[in-house]
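Heads up, the thing below is written out as structure tokens.
Since every read-out is calculated from the coordinates, none of them should be taken as a lab result. What you see is a predicted model; the values in this text were computed from it and never measured. Heads up, the Cβs are rebuilt from the backbone with ideal geometry, glycines too, and the neighbour counts pull from every protein chain shown.
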Amino acid sequence: MGSSHFCLFWTFASKILKLYAVRANIYNMGKLKELEQLKEESGLSWRKFAESFGIPYRTLQDWHLGNRPMPEYILRLMVYKVETERLLKEHKIDKGGDSA
């Protein structure tokens with residue numbers, strides 16, 4: 001491959017990488033907004049929120065600040081836990097399965 005082809009290839013590759021980075025940031029921003037909403041609905045501090053899920057506070061902080069990407073499955077499990085607990089409380093069912 002000649003140097004002009006290499007330059008063209010490199011330009012094309014770097015544009016694709018930039019687009020990927022932008023899409024990844026948008027995707028992560030969506031997860032961060034959902035995480036913040038979940039936290040706000042809980043009424044807990046960030047530290048107590050982390051403790052309620054058994055997630056180290058520093059890990060949650062890194063996700064919240066965008067220092068590390070939050071795995072999608074973790075967010076889904078967090079939403080599932082909150083929704084399940086809300087439904088149990090709404091129908092007055094304790095976590096052991098007994099109705100009040």
Next on the checklist: For a Förster distance of 35 Å, can you work out the FRET efficiency between the beta-carbons of TRP10 and GLU72, rounded to the nearest 0.05?
Outcome noted: 0.65
Item to check | When each of LYS39/LYS89; LYS39/LYS81; LYS33/LYS92; LYS48/LYS92; LYS33/LYS89 is checked by Cα-Cα distance, pairs over 21 Å | outcome: LYS33/LYS92; LYS48/LYS92; LYS33/LYS89
Checklist entry - Could you give the nm distance between label points at THR84 and ILE55, where each point is 7 Å from its Cα heading toward the beta carbon? => result 1.6 nm
